[in-house]
Each structure stands twice: as structure tokens, then as C-alpha cells.
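**Student:** Dumping the structure here so I can ask a few things about it.
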Amino acid sequence: MTSKPTSSAAFGGRVALVTGGGRGIGQAIALELASAGARVAVLARSADEVKQTAKLVSERGGDALALPADVTLADQVAVALNEINERFGPVEILVNNAAVVWPLGPSITLDPDQWASAIDVNVAAVARLSFTLLPAMLEHGWGRIVNVSSGIAAHPAGMLRANAYATSKAALEAHTLNLAAEVADTGVTVNVFRPGGVDTAMQAWIRQQDPEQIGTDLHERFTRNYEEGALLTPHQSATSLLSRLPTAATGQIWDAADPT
Ligand SMILES: NC(=O)c1ccc[n+]([C@@H]2O[C@H](COP(=O)([O-])OP(=O)(O)OC[C@H]3O[C@@H](n4cnc5c(N)ncnc54)[C@H](OP(=O)(O)O)[C@@H]3O)[C@@H](O)[C@H]2O)c1
């Protein structure tokens with residue numbers, strides 16, 4: 001895992017929190033934020049993975065905090081935020097990256113409670129965290145909130161049998177743009193990041209699903225993208241975000257596929 005700072009010291013001394021930072025795109029974003037000078041708190045459920053990301057940041061000379069927690073559990077999030085406050089100070093850069101792609105399958109066969117759980121992780125937990133951290137950002141007149149979405153939000157019918165995921169990312173983008181407009185001209189920016197198709201555990205998990213359950217078209221598309229080398233690396237996706245994040249732009253949908 002190597003990468004050079006993309007925007008040297010662009011975030012020198014700033015405090016960042018990356019949810020889902022234990023692997024994949026979130027880990028790459030955490031490393032890029034650290035390269036840009038931020039002290040980075042990394043939160044996800046898998047303790048070994050958040051510790052690994054923190055270790056990688058430390059090995060590159062950065063400061064990191066490993067925070068094992070579930071974004072949907074208020075008490076665990078509160079403990080994590082207290083630790084960030086005590087060790088680093090208030091969060092100034094929030095990257096809401098944690099998400100789930102399940103449940104996949106014919107919608108009428110899925111457990112509605114599982115559908116609602118996915119919305120809780122992908123949308124409600126994002127809003128809760130942002131609402132908790134916004135007051136300090138507004139008080140200080142500076143903040144960056146990025147919500148990691150997906151191209152599916154632009155084409156909700158483009159990924160059949162992924163109803164919860166499509167619903168969640170469309171709702172996430174509406175939440176983001178609405179909030180950005182509400183806090184315009186405060187110094188706090190709120191943007192969407194669509195990371196592109198990225199070679200991560202989430203993609204691998206989709207390829208491992210039974211084609212009968214998720215649909216042969218979907219299964220073939222994800223397998224083909226992988227086999228043809230069409231996926232970005234997490235590092236490529238993260239550098240695309242970091243090239244945009246230092247600006248004052250707000251209320252935007254940044255897509256890794258677009259030129260920066
Ligand atoms: N990979 C792609 O091609 C792609 C394309 C479009 C959009 N995205 C978006 O990019 C983001 C990252 O995806 P990825 O591909 O890197 O996925 P990933 O490899 O599955 O990583 C997801 C991260 O989220 C964490 N997470 C999931 N549920 C959580 C919970 N309840 N509480 C705390 N952390 C939780 C996971 O850790 P634990 O399981 O340990 O909690 C993990 O660190 C997601 O928002 C995804 O929707 C990905």
C-alpha cells in the first residue's frame with residue numbers, strides 16, 4: 001500500500017472521521033486524508049480491519065485512531081466520538097463511507113426488516129452522524145461532509161434485485177443536496193461522492209452470490225467488469241475524491257469517472 005500525498009498538507013492538522021475505513025474505498029480515503037495532513041479516525045465494526053488501517057496510517061507518519069463501532073448503534077458511536085474529541089478534538093472532515101449492498105434478490109422474497117436495516121446503515125446512520133457533528137463545524141465556520149453514494153442513484157433501474165441499495169443511495173443523495181443548500185455560506189460543505197466501480201470486498205461479495213438469486217444479468221455484469229479489469233483501485237477512487245475535497249464547492253455530485 002503506497003501512495004504519495006495528493007494535496008500536500010491540504011488538511012494539515014484537521015481532524016477527519018472515515019466510516020467504513022477498515023477496508024476498500026474507506027481505507028484508501030483514510031490513507032489519502034492522512035497523506036494530506038489530517039489526523040484520521042477510522043470507524044467500522046471489524047476491529048482487526050480498523051486497527052490495520054490505523055497501522056498503515058502510522059507507518060506513513062500520520063496520526064490515526066482505530067474505532068470499532070457499528071454506525072447504527074448510538075451508544076457505540078457516542079463512545080467513538082468521545083474518544084475522537086479527547087484524542088484529536090472535534091471532527092472537521094466527515095466521510096460517510098460505510099454502507100451495505102445487501103439484501104440482493106427478488107424484492108418480494110426479501111425480508112422487509114433486512115431491507116429496512118440496509119436503509120438504516122446507508123441513510124439514517126449517515127444523517128445521524130452528520131447532525132451530531134454539524135453543530136461544532138458550524139460554530140467553527142469550517143467543515144467538510146462527504147457522503148459516498150453510487151452511480152445507481154443516477155440510474156435506479158440499472159441494478160435490478162438491489163432495491164434497498166438503489167433506494168438508499170437515491171435517498172442519500174437527496175439528503176446530501178438538501179443539507180448542503182441548508183448550510184450554504186457557512187463554511188461547511190456537503191457533497192456526494194460516487195466512487196465508480198472499485199475492486200473491493202463489496203464487489204467480490206456480489207460476484208460470490210448465486211446468479212439465480214441475484215439474477216444472471218447482474219452476476220455476469222459484475223463478473224465481466226472484474227475479469228476485464230474495468231474496476232478502479234481503491235487508491236484511484238480515493239485520489240479522485242481528495243482532488244476535489246479541499247475546495248469550497250458544495251452541493252455537488254462528484255463522480256470518480258468525471259475528469260477533475
Ligand atoms: N466498490 C464499488 O464498486 C462501489 C461502487 C459504488 C459505490 N460504492 C460505495 O462505496 C462505499 C465503500 O464501499 P466498498 O466497496 O469499499 O465496500 P466494503 O469493502 O464492503 O467496505 C464497506 C465498509 O463499511 C463498513 N460497514 C458496513 N456496515 C457498517 C456498520 N453497520 N457500521 C460500521 N461500518 C460498517 C465495513 O466494515 P465492517 O463490515 O467491519 O463494519 C467496511 O469497512 C460504500 O458506500 C459503497 O456503497 C462502492
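**Student:** Looking only at segment 208-228, filter to residues that are open to solvent by 50 Å² or more (accessible area, probe 1.4 Å) and within 17 Å of residue 100 (Cβ to Cβ); which one of those is nearest to the chain's Cα centre (by Cα)?
**Tutor:** The selected residue is 208.
**Student:** State whether one or more residues within segment 167-176 are open to solvent by less than 50 Å² (accessible area, probe 1.4 Å), in contact (Cβ under 8 Å) with a residue 12 or more places away in the chain, polar (S, T, N, Q) and more than 15 Å from the ligand (Cβ to nearest atom).
**Tutor:** no
**Student:** Cβ-Cβ below 6 Å, separation at least six or inter-chain, first residue in segment 182-211 and on the phi > 0 side of the Ramachandran plot, second among the small types (Gly, Ala, Ser) and surrounded by 18 or more Cβ atoms within 10 Å (Cβ to Cβ): which pairs?
**Tutor:** Note: pairs meeting the criteria are 196/237; 196/256.
**Student:** In segment 6-17, which residues are in contact (Cβ under 8 Å) with a residue 40 or more places away in the chain and either near the ligand (Cβ under 9 Å from one of its atoms) or over 12 Å from residue 93 (Cβ atoms) (or both)?
**Tutor:** 6, 7
**Student:** Is it the case that segment 201-215 has a residue that's out of contact with any helix residue (DSSP H, G or I) (no Cβ under 8 Å at 6 or more places or on another chain), over 30 Å from residue 140 (Cβ atoms) and aromatic (Phe, Trp, Tyr)?
**Tutor:** Checked against the condition, which is being out of contact with any helix residue (DSSP H, G or I) (no Cβ under 8 Å at 6 or more places or on another chain), over 30 Å from residue 140 (Cβ atoms) and aromatic (Phe, Trp, Tyr), segment 201-215 yields at least one hit.
**Student:** Among residues belonging to segment 190-207 that are more than 19 Å from residue 102 (Cβ to Cβ) and open to solvent by less than 10 Å² (accessible area, probe 1.4 Å), point out the one that is nearest to the ligand (Cβ to nearest atom).
**Tutor:** The extreme case among them is 193.
**Student:** Now for a different question. From the set of residues in segment 34-49 that are touching a helix residue (DSSP H, G or I) at 6+ places or on another chain (Cβ under 7 Å) and in a strand (DSSP E or B), which is surrounded by the fewest Cβ atoms within 10 Å (Cβ to Cβ)?
**Tutor:** We begin by selecting, within segment 34-49, every residue touching a helix residue (DSSP H, G or I) at 6+ places or on another chain (Cβ under 7 Å); these are 34, 36, 40-44.
With the extra rule that they be in a strand (DSSP E or B), the set shrinks to 40-44.
Values: 40: 31, 41: 28, 42: 32, 43: 29, 44: 25.
Filtering first and then ranking leaves 44.
The values are calculated or read from the model by the stated rules, or taken from the named source; none is laboratory data. None of the values given here were measured: they were computed from a predicted structure. Note: ideal-geometry Cβ built from the backbone for every residue, glycine included; neighbour counts use all protein chains shown. All accessible areas refer to the heavy atoms of the entire protein, side chains included, with ligands and DNA or RNA removed. Shrake-Rupley method; radii C 1.70, N 1.55, O 1.52, S 1.80 Å.
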